[in-house]
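No value in this document is a laboratory result; all are computed from the given coordinates. The shown structure was predicted, so the numbers you read here are calculated from the model rather than taken from an experiment. Note that we place each Cβ from the backbone using ideal geometry, even for glycine, and neighbour counts take in every protein chain shown.
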Amino acid sequence: MKRKLIATLLSATMAASLLAGCGGGSGSSSEAASGAPASSAAEASSPAEASTPAESSGAEESAASDAGTAGGGGKIGISMPTQSLERWNRDGSYLDEQFKAAGYETVLTYSDNDSGRQVNDIQNMLADGVDLLVVAAIDGEALNTAMDEAAEANVPVIAYDRLIMNDAVSYYVSFDNYTVGKLQGEFVESQLDLKNAGDKTYNIEFTAGDPADNNAGYFYNGAVDVLQPYIDAGTLHVVSGQTDFDTVATAQWNTDTALERAQNVLSSYYADGTQLDVWVCSNDSTALGVAQAVTSDYAGDNDVLITGQDGDEANLKNIVDGIQTMTVYKNVSNESIVTLALAQAMMNGETIDESLIPSFGIECAFDTESYETSEGNKCPSFLLVPSVITKDNLQDLVDTGLYTMGDDGYLAAAQ
Ligand code: BGC
């Protein structure tokens, strides 16, 4: 009886600790989480507990392997946006593997870029008794129903890669999104030697990401903030005049949508032989569409500098072939390792702050200022460090062990 009471109290305190973070209102996760007792999610919900498979189509549920059960325990819901964009397949499988190897059961869903379906998938996970959610949102503003239910059920949420605009989110794990865009802008600046351009002028266009994705604005602003002074000075000329985020945005980061807009811009503004020098694309799926349009519809024969982000296989091929110039690489295997370590620390009631970082073994920053889940509600974030990949340092990707290079020089994801 007494033991049961202590267990109940521990669970209640642990729940408070788990749910601390963005919505905690303190703005400081260390304050919010400190003092929590060492406890484990296994106590709150045993992995042996009967589980009903997630209802949603495409949900994969699996028990941890026997080998990995030490130190883990509990069930983790992993909700990914779509399999149609290359990286999320990687994220989903890395997260799934990491959590399983640490002894957790997992439920992994992809919601086909349909936020209604993502709400449904998360609701099914909650009904299935998950102890913690890892969610990469399709639309950061559209998950309130599921997030509110998670909060009611005391299930903590880690916003993975993309922030969710709901205070039920405890912590955010991502890359430094503003820096991703800044690296793209700085790449253009150095390739064209804009600082020393003198009277030289260059023509540039922009393609941004999905307005429903909270990251998209950070990427775009990061790039524009570097390049705006050159636009203002007339060194860079946006021939289409299209610089407003909503005008250059790409719903769902869709390649065909980016392709179509690029074709329209090329036929409307460049068909007369005007030279295009640069097309800043926020990521690889949009860069793929823009590169296709430039290859088939651009009249000039100069190389057009095209930026990207992710290191998708098709884009790495384009980099080898000189069709895309760079990509900002984000090691999503590391992102999943940080997510697992954070989840474990949360479930053990540890203090969540920068003191955790050495145990990750991965370079990242603890940021309590940059992201808010609602006005004034800062979300404590672990932000990993992105890097620039060009034709000249593709070997760096091979060195991660996550890619192999074929005899043709093209890279493929390591199996
Ligand atoms: C991710 C990018 C990705 C994009 C489209 C963003 O939220 O941070 O890495 O390219 O979504 O999938």
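Quick look at the values:
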item: Exposure proxy order (Cβ contacts within 10 Å, fewest to most) of 381, 333; result: 333, 381
item: Value of Rg to Rh for the range 230-290 (Rh from inverse mean 1/r over Cα pairs, i.e. Kirkwood); result: 0.96
item: Alpha-carbon centroids, the range 256-286 and the range 358-382: separation in whole Å; result: 35 Å
item: For residue 107, distant residues with modelled amide H under 5 Å away; result: 76, 77, 78
item: Local net charge near residue 22, Cβ-Cβ under 10 Å (Lys/Arg +1, Asp/Glu -1); result: -1
item: Computed lengthening from residue 375 to residue 145, 0.36 nm per intervening residue step minus Cα-Cα distance; result: 80.9 nm
item: P(r) weight above 21 Å for the range 170-305, C-alpha pairs, percent; result: 39 percent
item: Dipole in debye (nearest 20) - the range 150-233, about Cα centre, beta carbon charges: Lys, Arg +1; Asp, Glu -1; result: 100 debye
item: Pairs from 75/100; 195/391; 317/391; 100/317 whose Cα-Cα separation, in the structure shown, is over 21 Å; result: 195/391; 100/317
item: Distance between modelled label sites at residue 191 and residue 365, nm, 7 Å Cα→Cβ extension; result: 2.5 nm
item: Length gained when the stretch residue 275-residue 398 is fully extended (0.36 nm per residue, less Cα-Cα span); result: 40.8 nm
item: Backbone HN-Hα couplings from phi across the range 183-198 [Karplus 6.51/-1.76/1.60, Hz, Gly and Pro as x]; result: 5, 5, x, 5, 5, 4, 4, 7, 4, 8, 6, 4, 4, 10, 5, x
item: In sequence order, calculated HN-Hα J values of the range 82-93 (Karplus, 6.51, -1.76, 1.60; Hz; x Gly/Pro); result: 6, 8, 7, 9, 3, 4, 5, 5, 5, 4, x, 6
